[in-house]
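The values are calculated or read from the model by the stated rules, or taken from the named source; none is laboratory data. Quick caveat, the model's predicted, so the values are computed rather than measured. For neighbour counting, all protein chains shown are included, and Cβ atoms are generated from backbone atoms with ideal geometry for every residue, glycine included.
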Amino acid sequence: MPVLNSIKRRLIEHLSTLITELHVGSDGTQASETDGGVRSLGSVTPTVKIIDDSTLEVKGTFDASYVYTTDIEEVYLQYKDSTTNEFVPIYRAAIDPLTKNRQEEISFTFLLEVD
């Protein structure tokens, strides 16, 4: 039996409160559903917007103040569990390597769906 729409909405509302960090990293290995982390270069606090009863939009921008000597090869979303103070992975994706210097701004946008 599929999850009912009214519960999907509550799951989306709860998930929207959990996403607290967007990281870029230097680990270019293949991402998987069992991934546990990132080789972080830096992070920003993303904006999270509820699109509909099953979809979130997550955006984060690394402006000119973020400079890395190592190529960015992954992006990663996580939250901090308030009961354990541990960071919990939500999403990770390997990307083609790119260089981030002071002359450019890099923005990431994700659409996360609860099915």
Restricted to the stretch 44-63, and to residues that are not in a strand (DSSP E or B) and not β-branched (V, I, T), which residue is farthest from the chain's Cα centre (by Cα)?
D53
P97 vs (1) surrounded by 17 or more Cβ atoms within 10 Å (Cβ to Cβ); (2) in contact (Cβ under 8 Å) with a residue 60 or more places away in the chain; (3) over 14 Å from the mean Cα position of the chain (by Cα): all pass except (1)
Does I50 satisfy the criteria of being surrounded by 13 or more Cβ atoms within 10 Å (Cβ to Cβ) and free of Cβ contacts under 8 Å to residues at least 40 places away in the same chain?
yes
Can you find even one residue in the stretch 24-43 that is part of a strand (DSSP E or B), at pLDDT below 95 and under 30 Å from P2 (Cα atoms)?
no
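What is the residue count in the stretch 87-115 for residues that are out of contact with any strand residue (DSSP E or B) (no Cβ under 7 Å at 6 or more places or on another chain) and in a loop (DSSP other than H, G, I, E, B)? Write out each step before concluding.
Taking the stretch 87-115 first, the residues out of contact with any strand residue (DSSP E or B) (no Cβ under 7 Å at 6 or more places or on another chain) are 96, 99, 101-104, 114-115.
Within this subset, residues satisfying the condition of being in a loop (DSSP other than H, G, I, E, B) are 99, 101-104, 114-115.
Qualifying residue count, the stretch 87-115: 7.
This table checks each residue for (1) in contact with a strand residue (DSSP E or B) (Cβ under 6 Å, 6 or more places away or on another chain); (2) within 17 Å of F108 (Cβ to Cβ); (3) surrounded by 12 or more Cβ atoms within 10 Å (Cβ to Cβ); (4) not charged (D, E, K, R).
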{"position": "H14", "(1), (2), (3), (4)": "no, no, no, yes"}
{"position": "T29", "(1), (2), (3), (4)": "no, no, no, yes"}
{"position": "E57", "(1), (2), (3), (4)": "yes, yes, yes, no"}
{"position": "V75", "(1), (2), (3), (4)": "yes, yes, yes, yes"}
{"position": "T83", "(1), (2), (3), (4)": "no, no, no, yes"}
